[in-house]
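What follows is a set of notes on a single structure, which appears directly below.
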Amino acid sequence: MPPSTRIPPLLQPYVQLPHDDSLLLLTSTLGASANWLLIRFLCDALNTSSQDGEEEGHNVVLVSWMREYDFWKQEARKGAGLDLERLRKEGRFACVDGLGMGVNERQATQAQSSQSGGRIPLARGPPGRIVARADITAPHASADSTGQSKGTSGHYTLKSLELEHLKATISSAVTSLAASTATPSVTQRKTLLILDNPDLVLALNPAITHSKLASLILDLHTLPTVSHMLTHIQSDNPLLSLFAPPQPLEVAHHNLLVKCAHMSRRILGVRVLDTGVARDVSGVIRITEHKAEWLGLGFDSGEGKMGDDSGRGNEFLYQVKGDGSVRVFERGAGGEG
C-alpha cells in the first residue's frame, strides 16, 4: 500500500502543505500523542507522485527532542509504510536527534571520574533504554563538530544546549539535503522542517527565553530552501494555566505557545475526549486555518479555500489502531469499521 493512501480522506486537506511559505503549529496533550499525525505529514511531504507525471514533494528535516531516530523509523514503517532509512540514503530525509542534548559532556565527566575512582557512571536516556559503557566513555567518537555521525549521512546529534549550536546543526542538515538533490535538470525541492517538542529546551536551559526560541524558529524559516515549518508543542493545562505565584517555566511555555499560534497559518491540536476514555475513539483533532498569517498578510485570496473551513476550524474524532493505521471520522459517524 503506498504511503499516501495511509492518510485518512478527512485529514488529507489539512496534512497537505499550503502553497506559499508558512508556519504550522501542532499541539498535543499527555493522553493524546501526536506521533501518528507527524507521520502523516511525513507521508504527504515525501510523496513524489503527481497527476502531471512530474516529481513533487519536499525534503524533510525532523528535529526531535523527545524520541530517537530508531523510534521514528519503526513508527513510519508500521503506520505509513515509509522507509526513512532509504529516504535518508537518497538525500530526501534527515533526522536531528536532540534526545541526549547536553548530556554528552556530563557523561564524559562521569566517565573520567569513574576511571580514576572506580565508580560506574549512571546511564542516562529514556525509560527502558540500556546505555552501553562504551557509549559513555567515548561520547564524541562518532560525531563531528556539526553533530553529524561519521559514516551516517543525514543523521545528526545535538551535543549542546546553546542556541548557536542548535541553529548550526539544523542548518547543516538542511544544506546537506539541498546539496544532495540539486541537479541541473531537476528543480530544487523545498524543505519541510519539523520541530518536535522544542519547548523542552526551555526546561533544560533556563537561560533561553521564549523570545529567543521564537526568534530561532523564524531564523530557521528564512533558510534558503526551507519553505514550511511544523512545530509540535505540548498544550497540557499544567503548562498553560498560570498558578499563583506563576512559575518561570509556566510563563515561558505559555508565551511560546501563544506566540507560535499567532505566527502560524494553520493550527492542529489533538486532545483526549472531554467525556473520558472510549473503546473506539482515541481522541479529538481540531484544525484552525488563519486567513491572514503573521508572516504573509493574506493578500492571496486563493489560500482561503484550503480545507474549506473559512477560518472557523473543523473538529473530528480519530482512532489509532494497533497496526498503526488511523481512522478519522466526524462526530456521530461511529468509530467502528
Contacts under 6 angstrom Cβ, first residue in region 7-26 being closer than 15 Å to Ile194 by Cβ, partner open to solvent by less than 10 Å² (accessible area, probe 1.4 Å) and among the basic types (Lys, Arg), 6 or more apart: Val15/Arg40; Leu24/Arg266
Residues being open to solvent by 10 Å² or more (accessible area, probe 1.4 Å) and either of a type in the set (Val, Ile, Thr) or within 15 Å of the chain's Cα centre (by Cα) (or both) - total across region 8-20: 1
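Can you tell me which residues in region 279-302 are open to solvent by 30 Å² or more (accessible area, probe 1.4 Å) and at pLDDT 85 or above?
Result: Arg279, Asp280, Ser282, Arg286, Thr288.
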Residues being modelled with pLDDT of 95 or more, open to solvent by 10 Å² or more (accessible area, probe 1.4 Å) and part of a strand (DSSP E or B) - total across region 21-74: 1
Residue pairs meeting the criteria (Cβ under 9 Å; at least 6 apart or on separate chains; first under 17 Å from Thr209 (Cα atoms), in region 241-254; second among the acidic types (Asp, Glu) and not in a helix (DSSP H, G or I)): Ala252/Asp199; His253/Asp199
Scope region 75-103; condition touching an Asp or Glu at 6+ places or on another chain (Cβ under 8 Å) and either closer than 15 Å to Thr157 by Cβ or not in a helix (DSSP H, G or I) (or both); matching residues: Asp97, Leu99
All positions within region 229-269 that are within 12 Å of Thr29 (Cα to Cα), open to solvent by less than 20 Å² (accessible area, probe 1.4 Å) and either among the β-branched types (Val, Ile, Thr) or modelled with pLDDT under 95 (or both): Ile233
Count of region 222-269 residues which are farther than 19 Å from Thr191 by Cβ and part of a strand (DSSP E or B): 5
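So which of Thr146, Thr152, Thr169 is at pLDDT 95 or above, outside any strand (DSSP E or B) and polar (S, T, N, Q)? Outline the logic, then answer.
Details: Thr146 fails: at pLDDT 95 or above; Thr152 fails: at pLDDT 95 or above.
None of the others qualify; the one that does is Thr169.
The values are calculated or read from the model by the stated rules, or taken from the named source; none is laboratory data. What you see is a predicted model, and the numbers here were worked out from it, not measured in a lab. Ideal geometry is used to build each Cβ from the backbone, glycine not excepted, and the neighbour counts take in all protein chains shown. Keep in mind that these areas ignore ligands, DNA and RNA; they rest on the heavy atoms of the full protein, side chains included. Shrake-Rupley method; radii C 1.70, N 1.55, O 1.52, S 1.80 Å.
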